[in-house]
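All remarks here apply to the structure that follows.
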Amino acid sequence: MQGMAVGRAVDLTRLYGYDALLQKLEEMFDIEGELSSVVKKWEVVYTDDEDDMMMVGDDPWHEFCSMARKIYIYTCEEAKRLTPRVKLPAVGEVIRSKKAAADADATGNNQEDQT
């Protein structure tokens, strides 16, 4: 299963929650107990209608059903390497507060007015 792109459909309206979804995925891919066990080998993530990738289970079930477009099963190692939703600053990048940025812009505008 690992590394395979599989185009299968799951009708979320026929399921009644995340537990049922995980059970259905386990049946589809013949990995019974591996998605719902305490010891995790796999992480289930999805892309929403804006192509953002999120963890399955982070949103209420009804919201997930309306947003989910594609579901992916990754190894835990692969899931850890996924890009987070929030862009973190690069090493050495200066982080300024909104007020400091506004003050710098105002100072820059005043200098332009004087020349």
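So, ASP48, is that one surrounded by fewer than 16 Cβ atoms within 10 Å (Cβ to Cβ) and of a type in the set (Asp, Glu) or not? For ASP48, the condition - surrounded by fewer than 16 Cβ atoms within 10 Å (Cβ to Cβ) and of a type in the set (Asp, Glu) - is not met. Within region 35-45, the set of residues being over 15 Å from TYR18 (Cβ atoms) and surrounded by 11 or more Cβ atoms within 10 Å (Cβ to Cβ) comprises just one member, LYS41. I need the full set of residues from region 13-30 which are assigned to a loop (DSSP other than H, G, I, E, B), in contact with a helix residue (DSSP H, G or I) (Cβ under 9 Å, 6 or more places away or on another chain) and buried (at least 16 other Cβ atoms within 10 Å of the Cβ), in order please. Within region 13-30, just LEU15 meets the criteria. If you go through region 99-114 one residue at a time, do you hit one that is modelled with pLDDT of 60 or more, acidic (Asp, Glu) and either in contact with a helix residue (DSSP H, G or I) (Cβ under 7 Å, 6 or more places away or on another chain) or in a helix (DSSP H, G or I) (or both)? Within region 99-114, none of the residues are modelled with pLDDT of 60 or more, acidic (Asp, Glu) and either in contact with a helix residue (DSSP H, G or I) (Cβ under 7 Å, 6 or more places away or on another chain) or in a helix (DSSP H, G or I) (or both). Kindly provide the set of residues from region 12-29 that are modelled with pLDDT of 90 or more and closer than 20 Å to GLU78 by Cα, ordered by number. Those that are modelled with pLDDT of 90 or more and closer than 20 Å to GLU78 by Cα: LEU22, LEU25, GLU26.
Filtered by the rule that a residue be farther than 13 Å from LYS70 by Cα and not acidic (Asp, Glu), region 26-53 gives MET28, PHE29, ILE31, GLY33, LEU35, SER36, SER37, VAL38, VAL39, LYS40, LYS41, TRP42. Taking the numbered list (1) over 17 Å from the mean Cα position of the chain (by Cα); (2) assigned to a loop (DSSP other than H, G, I, E, B); (3) in contact (Cβ under 8 Å) with a residue 12 or more places away in the chain in turn, ASP49 passes all entries but (1).
The values are calculated or read from the model by the stated rules, or taken from the named source; none is laboratory data. These numbers come from a predicted model, not from an experiment. Note: ideal-geometry Cβ built from the backbone for every residue, glycine included; neighbour counts use all protein chains shown.
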